[in-house]
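The values are calculated or read from the model by the stated rules, or taken from the named source; none is laboratory data. Keep in mind it's a predicted model, so treat the numbers as computed, not measured. Ideal geometry is used to build each Cβ from the backbone, glycine not excepted, and the neighbour counts take in all protein chains shown.
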Amino acid sequence: MKSQVLHRRDRLIITTIDLIDELGIQGLSTKEIAKREEVSEATLFRHFKNKNDLLAAVLDYFAKFDEDIFQSARYRKANPKEAILFFVSLSTEYYENYPAITAIIQILDVLRYDPELKSKVETIYFQRLKYITLLVKDAKIKGYLREDTDAEAVGDIISGLCREVILMWRMEGKKFPLKERTVSALQLLLDRIFIIEGGK
């Protein structure tokens, strides 16, 4: 019985993500989620207290791979530049294989105005930024970047680059290879700021 409950809960989360992707956050309703899942709203509310509880679960689902991707990038036997490229490559490959999940990136700013979701949204956003910045700081410590490089600014640039390419990909109907475009743009940036001989 418990596995069926978890299965239904996960399906409701995935359907919610799909609906946000199709209709936007403004078009999302518990009635439509229940209709798509062919259950009553009462069934939905047995799994989630309310719509915000469901959105909190969506945010958890969205963020659950971040730590694994970061740890893989950080502890992989690669130089810091390769670790950054690996992190972005793995993330964008995941998004390319699950395009609907990228809708969540686009609604983070809207959801942060909800008092019940604000803390969770900010944690997700700043944790991702922290991951990237830690990889950049590691590169600086190991001598791959000049001493005067602002690691936080570079982290901001990488994070912004990724978000903008994802938005462009969505706006253009996902017509170009997301991973390829993002990694190519990132490679151009990293080639400019990394010291070629680098490393201590």
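Among the residues that make up the range 53-62, is at least one of them under 18 Å from the mean Cα position of the chain (by Cα) and charged (D, E, K, R)?
The answer is yes; a qualifying residue exists.
Cβ-Cβ below 6 Å, separation at least six or inter-chain, first residue in the range 135-157 and in the same structural domain as L85 (by TED's automatic domain parsing) and surrounded by fewer than 16 Cβ atoms within 10 Å (Cβ to Cβ), second of a type outside the set (K, R) and not in a strand (DSSP E or B): which pairs?
K142/P80; K142/G199; G143/G198; G143/G199; E152/T133
Return yes or no: is T102 among the polar types (S, T, N, Q) and surrounded by 15 or more Cβ atoms within 10 Å (Cβ to Cβ)?
On the way: among the polar types (S, T, N, Q): yes; surrounded by 15 or more Cβ atoms within 10 Å (Cβ to Cβ): yes.
So T102 fits the description; yes.
Within the bounds of the range 36-49, is there any residue that is of a type outside the set (F, W, Y) and closer than 20 Å to R163 by Cβ? Spell out the reasoning first.
Taking the range 36-49 first, the residues of a type outside the set (F, W, Y) are 36-44, 46-47, 49.
Within this subset, residues satisfying the condition of being closer than 20 Å to R163 by Cβ are none.
Checked against the condition, which is being of a type outside the set (F, W, Y) and closer than 20 Å to R163 by Cβ, the range 36-49 yields no hits at all.
Just name the residue that is modelled with the lowest pLDDT out of those in the range 103-135 that are of a type in the set (S, T, N, Q) and either farther than 28 Å from Q187 by Cβ or in contact with a Leu (Cβ under 8 Å, 6 or more places away or on another chain) (or both). So that I can check it myself, show each step before the final result.
Of the residues in the range 103-135, the ones of a type in the set (S, T, N, Q) are 106, 119, 123, 127, 133.
Filter once more, keeping what is either farther than 28 Å from Q187 by Cβ or in contact with a Leu (Cβ under 8 Å, 6 or more places away or on another chain) (or both): 106, 119, 123.
Working: Q106: 93, S119: 97, T123: 96.
Result: Q106.
Would you mind stating whether K130 is among the basic types (K, R), assigned by TED's automatic domain parsing to the domain that holds Y98 and under 18 Å from the mean Cα position of the chain (by Cα)? Write out each step before concluding.
Numbers: among the basic types (K, R): yes; assigned by TED's automatic domain parsing to the domain that holds Y98: yes; under 18 Å from the mean Cα position of the chain (by Cα): yes.
Answer is yes for this residue.
Every residue in the range 177-194 that is exposed (fewer than 13 other Cβ atoms within 10 Å of the Cβ) and either small (G, A, S) or assigned to a loop (DSSP other than H, G, I, E, B) (or both), please.
S184
Residues that are hydrophobic (A, V, I, L, M, F, W, C) and under 20 Å from I132 (Cα atoms), at least 2 per element: which helices (runs of 4 or more DSSP H) completely within the range 1-120 meet that? Give the steps one after another, and end with the answer.
Working: elements: 2-23, 30-37, 41-47, 51-63, 66-75, 80-97, 102-111.
Fully inside the range 1-120 and qualifying: 51-63, 66-75, 80-97, 102-111.
Could you run through the range 188-200 and say how many residues are touching a residue at least 60 places away in the same chain (Cβ under 8 Å) and either under 25 Å from I124 (Cα atoms) or within 18 Å of the chain's Cα centre (by Cα) (or both)? So that I can check it myself, show each step before the final result.
Here is the first cut: in the range 188-200, the ones touching a residue at least 60 places away in the same chain (Cβ under 8 Å) are 190, 194, 198-199.
Filter once more, keeping what is either under 25 Å from I124 (Cα atoms) or within 18 Å of the chain's Cα centre (by Cα) (or both): 190.
The qualifying residues number 1.
In the range 153-175, what residues are under 17 Å from the mean Cα position of the chain (by Cα) and not in a helix (DSSP H, G or I)?
Result: K174, single match.
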